[in-house]
Every structure is written in structure tokens, then in C-alpha cells.
Amino acid sequence: MMAGIDSYVATPSGPIKGGLVLIHEIWGLSDHIKQVADRFAGEGYLTYAPDILTHAGVTPKAGEELQRLLASPDPETRQAAQPLMRERTAPAHDPAYAQWAVPALREVVDDLQRRPAIDARIGVVGFCFGGSYTFALAAADERILAAVPFYGSPPDLDQVPRISCPVLGIYGSQDERLMESLPAVRGKMAEAGVDFTVKIYDGAQHAFFNETGNRYDAEAAAHAWQLALDFLDRHLAA
């Protein structure tokens, strides 16, 4: 348990390049996210993947069940799961939840910073729900030196000027809602002087990185993985 939150910790077997906070999708701290943490550790990053959705009532088991229903080949099952999804995840969309989650994530950064091998080289990576909180943590904590949101919802534009680190935003061109909002985000980032790099994968959908989902795009995921690693190495390990 890190900072009072259950976390999955993946530790490199060799030299440590830096530390990462890895923020999960709306499905919670799934096996997929643990595997991503292990992959980052394999690349030299001490990775903390905190479970921040159990606080809102979405346990990993509940998230797994929701994901299974929404990925069902049966259209009626998928349709019936939509209201259940909204009901189960509603607490995580309450403003009061964000008031808890961002300070909780900052406590995870506190724990990472206390590790001597990290030497203040800390980044954040997040997917979907976690992509949104990647933006939020970067805006709330100047100790974050690099941020990689994968298809997160647009950040609160009023908070963009508080982001002091480079940001690599990764998106799929078929993620219509985020594609519609991206020009405004880019404009605000430029206005605030934030180093904001955007990569859009043509034909890829929301959640294209998750190999357990029905939107997985192997080619885009492989390229995005290397792009994220290169970005982190440049800003944390150099």
C-alpha cells in the first residue's frame, strides 16, 4: 500500500532510470495495467500503479465485469450494460472525487520521491480515465517532469497554464469526442507555453492500446509504446 492506496509496484531488475505514476483506465487496476507497469519496469522505470477507483466504488473485479459486458459480441448485452456503466462510474465523475484523487496521486509522487534511486526523475502516464488524471496531476504537481496521457479527456483549460512539464498526447483519429476538443486544447497549450506534442494514429479508436479490448490496434499500440518510451527517456533518463 502506497500513500494509503493499494498500488501495484513494478521494480526494475537493473539500474533505475526514473519513477513513473501509471494511472489506470475506467476499469480500475486491471491485469492489463499491471502488465503495462511490468513493461515499464522492464525498461528501467520504477512504476507505481495506484488503485484510485476503488475509492469511488469501482473495484478491479467490478471494472473487469463492466469491461466484459461492454465488449460482448451480443448487441443487447452491450446496450444493457450502458446504464450500468453510467451508474457504477458516476461517483468518479463527481467533482468531490477529483478533490480526493489529485491529492492522493500527489501522495504517490511523495512515495516515489523518497526512493533514493529516483533522484527526482518522476513522470506520469495514464490511459483513458487515467489520461485525464495525467493532465490533472501534471497541472497540480511541479515535480512531474514528463506526462504521457493516452486518449484522456481534455484537461480543464483553466489549469493548463499550471503545467510545467513536457506533455506527449497520444490519440486515435476515430476517437471523435477527443478529436473535436483537441484544437482548443492545443491552442490553450500554445498560449500557455506548454511543450505539448501530439501524435494521432490514423484509423485508431479510443482505447487502442488495450489488447484485452475490442478496439485494440496492434500496429498503433506498438508504435505508441516506443514513442512514449523515447519521450520518457529523453526527459527523465537523459
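The values are calculated or read from the model by the stated rules, or taken from the named source; none is laboratory data. Quick caveat: nothing in here was measured; it's all calculated off a predicted structure. Here Cβ is always computed from backbone atoms with ideal geometry, including for glycine, and neighbour counts include all displayed protein chains.
Just a few scattered comments:
- Number of residues in the range 55-70 that are of a type outside the set (A, V, I, L, M, F, W, C), out of contact with any Gly (no Cβ under 9 Å at 6 or more places or on another chain) and assigned to a helix (DSSP H, G or I): the value is 3.
- Long-range neighbours under 6 Å by Cβ, at least six apart or interchain, first residue assigned to a strand (DSSP E or B) within the range 33-54, second charged (D, E, K, R): Tyr45/Lys17
- Selection from the range 104-122 of residues that are surrounded by 13 or more Cβ atoms within 10 Å (Cβ to Cβ), part of a helix (DSSP H, G or I) and not charged (D, E, K, R): Ala104, Leu105, Val108, Val109, Leu112, Gln113, Ala117, Ile118
- For the range 185-211, filtered to residues that are in a helix (DSSP H, G or I) and either at pLDDT below 95 or of a type outside the set (Gly, Ala, Ser) (or both), the residue that is farthest from Gly126 (Cα to Cα) is Glu191.
- If the condition is being surrounded by fewer than 17 Cβ atoms within 10 Å (Cβ to Cβ) and closer than 22 Å to Glu211 by Cα, then the range 228-237 contributes only Asp230.
- Remark: Glu142 falls outside the filter, which requires a residue to be more than 14 Å from the chain's Cα centre (by Cα), over 28 Å from Leu157 (Cβ atoms), surrounded by fewer than 18 Cβ atoms within 10 Å (Cβ to Cβ) and of a type outside the set (A, V, I, L, M, F, W, C).
- Some residue of the range 94-101 being modelled with pLDDT under 90 and of a type in the set (Gly, Ala, Ser): no
- Evaluated against (1) without any contact (Cβ under 8 Å) to a residue 60 or more places away in the chain; (2) in contact with a Cys (Cβ under 8 Å, 6 or more places away or on another chain), His206 falls short on exactly one condition, (1).
- Checking the range 145-156 against the condition returns a match, with at least one residue being at pLDDT 95 or above and surrounded by fewer than 24 Cβ atoms within 10 Å (Cβ to Cβ).
- Within the range 163-172, none of the residues are modelled with pLDDT of 95 or more, out of contact with any strand residue (DSSP E or B) (no Cβ under 6 Å at 6 or more places or on another chain) and part of a helix (DSSP H, G or I).
- Residue in the range 71-80 that is among the aliphatic types (A, V, I, L, M), in contact (Cβ under 8 Å) with a residue 24 or more places away in the chain and outside any loop (DSSP other than H, G, I, E, B) present: no
- Residue within the range 213-228 that is in a loop (DSSP other than H, G, I, E, B), out of contact with any strand residue (DSSP E or B) (no Cβ under 7 Å at 6 or more places or on another chain), in contact (Cβ under 8 Å) with a residue 60 or more places away in the chain and farther than 14 Å from Val148 by Cα present: yes
- Residue in the range 27-50 that is surrounded by fewer than 20 Cβ atoms within 10 Å (Cβ to Cβ) and either of a type in the set (Lys, Arg) or at pLDDT below 90 (or both) present: yes
- Verdict on Pro183 being closer than 25 Å to Leu112 by Cα and either touching a His at 6+ places or on another chain (Cβ under 8 Å) or not polar (S, T, N, Q) (or both): no
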